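Asker: Please find one structure pasted underneath; my questions will follow.
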Amino acid sequence: MILNSDPFPRYLLLLSSCFSIAGGCTEERTTLSAVPRFEAPETFQADGWNWRREEGFSRSDTAVLSRFFEIQPGMQGSPAVTGVPVIYHGIQNRKRYYWIQGTVDGATWSCVEYSQGRYQFLEGTGNPYRTGTQ
């Protein structure tokens, strides 16, 4: 009976297991990075209006969104409106607040539009900034 006292085969097995695990992680990262990301353009057109991106969040934005969440308490804490939105303004005091979430199936977006004292909630999939959509 010959006993193999050389530990090399065990290390080889351990090393191949590490490569398998690392390969799985690399593959997962590739899948996650494939989720589309949309750059918020400086301007775009939707519903016959021109929209211009604003930098930062103002007091009036806080007031507009606070009022929206008072009127729609069910939206408070919703994943559809989590985080800081991208803000756009149009003419006649129109504002749009966009939240975009990446999913395995693509991107979903939500938008609160404020116009002349009224609110409208919009949502969809894909790129929300495509010209002439929504």
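The values are calculated or read from the model by the stated rules, or taken from the named source; none is laboratory data. This is a predicted model, so every value here is computed, not measured. Cβ atoms come from the backbone with ideal geometry, glycine included; neighbour counts cover every protein chain shown.
Asker: Within segment 18-56, can you find the residues that are modelled with pLDDT of 90 or more and aromatic (Phe, Trp, Tyr)?
Answerer: Phe44, Trp51
Asker: Within segment 34-87, count every residue that is of a type outside the set (D, E, K, R) and in a loop (DSSP other than H, G, I, E, B).
Answerer: Qualifying residue count for the region: 18.
Asker: Another question, then. Just the residues that are acidic (Asp, Glu) and part of a strand (DSSP E or B), please, taken from segment 88-131.
Answerer: Listed by number, the residues that qualify are Glu113, Glu123.
Asker: Sticking with this one: Looking only at residues in segment 94-120 that are more than 15 Å from Ala40 (Cβ to Cβ) and surrounded by 14 or more Cβ atoms within 10 Å (Cβ to Cβ), which one is nearest to the chain's Cα centre (by Cα)?
Answerer: Thr108
Asker: Consider segment 41-72. How many of its residues are free of Cβ contacts under 8 Å to residues at least 60 places away in the same chain, within 21 Å of Tyr129 (Cα to Cα) and among the charged types (D, E, K, R)?
Answerer: The qualifying residues number 6.
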